[in-house]
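See below for the structure under consideration.
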Amino acid sequence: MSTAAADNRSRAVRLAVFDVDGVFTDGRIWISDDGVESKAFCVQDGYGIKALLGAGVAVAVISGRTSEAVRIRMAELGVPHVFQRVTDKVATFDRLAAELEVEPEQCVYTGDDVPDLPLLRRVGFAVAVANAVDEVKAACDYVTRAPGGSGAVREVCELILRGGAVRPNARA
């Protein structure tokens with residue numbers, strides 16, 4: 001899909017949903033000898049999330065894993081819908097969309113790996129990060145230029161904001 005077509009598809013977005021590992025992060029999980037897990041998040045992605053929220057777009061993360069780092073980072077960003085240790089991402093998404101009264105066609109999901117495919121096929125605008133597996137890229141409407149953990153989330157946020165349905169809040 002061309003950038004112009006992606007801009008057009010992004011116009012209807014009212015809910016932006018993201019996977020975490022491989023999307024907000026580069027997919028690596030650091031575990032110390034003491035068993036403490038760490039993740040690295042891109043600060044620029046965080047600004048993009050704040051801009052979306054400031055523009056009135058609902059934001060959620062749905063992850064198959066549980067991580068205290070994710071809980072802390074999403075709380076810092078003000079992301080109100082954080083779902084971890086999810087085995088059925090579509091069911092979780094459907095409940096959230098119903099709660100927020102948005103149609104799947106008004107939603108974007110960004111993923112990177114095979115477990116994301118069912119949800120990517122459910123939403124109106126499916127996005128893969130640059131370092132996603134080929135099967136995911138083939139199933140998506142848009143592939144970011146930036147890899148996960150290095151600005152891909154920011155790129156998606158800017159695409160949504162540029163789409164015209166919402167405008168970034170200058171104070172975000």
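The values are calculated or read from the model by the stated rules, or taken from the named source; none is laboratory data. Small disclaimer: the values here were computed from a predicted structure and weren't measured. Glycine gets a Cβ as well: all are built from the backbone with ideal geometry, and neighbour counts include every protein chain shown. Only protein heavy atoms, including side chains, enter the accessible area calculation; ligands, DNA and RNA are left aside. Shrake-Rupley method; radii C 1.70, N 1.55, O 1.52, S 1.80 Å.
Does VAL57 count as over 19 Å from ILE29 (Cα atoms), open to solvent by less than 30 Å² (accessible area, probe 1.4 Å), of a type in the set (A, V, I, L, M) and in contact (Cβ under 8 Å) with a residue 60 or more places away in the chain?
yes
Please go through the stretch 101-112 and give me each residue that is farther than 25 Å from TYR47 by Cβ and either open to solvent by 50 Å² or more (accessible area, probe 1.4 Å) or under 12 Å from the mean Cα position of the chain (by Cα) (or both), ordered by number.
GLU101, GLU103, GLU105
Under 6 Å by Cβ, and 6 or more places apart or on different chains, what pairs join a residue from the stretch 83-96 that is closer than 19 Å to ALA69 by Cα with one that is open to solvent by 30 Å² or more (accessible area, probe 1.4 Å) and part of a loop (DSSP other than H, G, I, E, B)?
GLN84/THR66; ARG85/THR66; VAL86/GLY64
Helices (runs of 4 or more DSSP H) wholly in the stretch 6-113 with at least 2 residues that are polar (S, T, N, Q) - which ones?
In the stretch 6-113, there are no helices (runs of 4 or more DSSP H) which contain 2 or more residues that are polar (S, T, N, Q).
If THR3 passes every condition in (1) at pLDDT 95 or above; (2) closer than 22 Å to LYS137 by Cα but one, which one does it miss?
Looking at each condition in turn, THR3 falls short on (1).
Kindly list the number of the only condition in (1) surrounded by fewer than 22 Cβ atoms within 10 Å (Cβ to Cβ); (2) at pLDDT 95 or above; (3) farther than 16 Å from LEU159 by Cα; (4) not hydrophobic (A, V, I, L, M, F, W, C) that fails for GLY22.
(1)
Restricting attention to the stretch 150-163, which residues are touching a Cys at 6+ places or on another chain (Cβ under 9 Å), open to solvent by less than 20 Å² (accessible area, probe 1.4 Å) and part of a loop (DSSP other than H, G, I, E, B)?
GLY151
I'm told GLN44 meets every condition in (1) over 20 Å from ALA146 (Cβ atoms); (2) open to solvent by 20 Å² or more (accessible area, probe 1.4 Å); (3) of a type in the set (S, T, N, Q) except one. Can you identify the failing condition by its number?
Here GLN44 meets the rest and fails (1).
One residue is enough: does the stretch 77-100 have a residue meeting the conditions among the β-branched types (Val, Ile, Thr), within 20 Å of ASP26 (Cα to Cα), open to solvent by 40 Å² or more (accessible area, probe 1.4 Å) and touching a helix residue (DSSP H, G or I) at 6+ places or on another chain (Cβ under 6 Å)?
yes
Say whether the condition of being surrounded by fewer than 15 Cβ atoms within 10 Å (Cβ to Cβ) and in contact with a helix residue (DSSP H, G or I) (Cβ under 7 Å, 6 or more places away or on another chain) is met by at least one residue in the stretch 127-135.
yes
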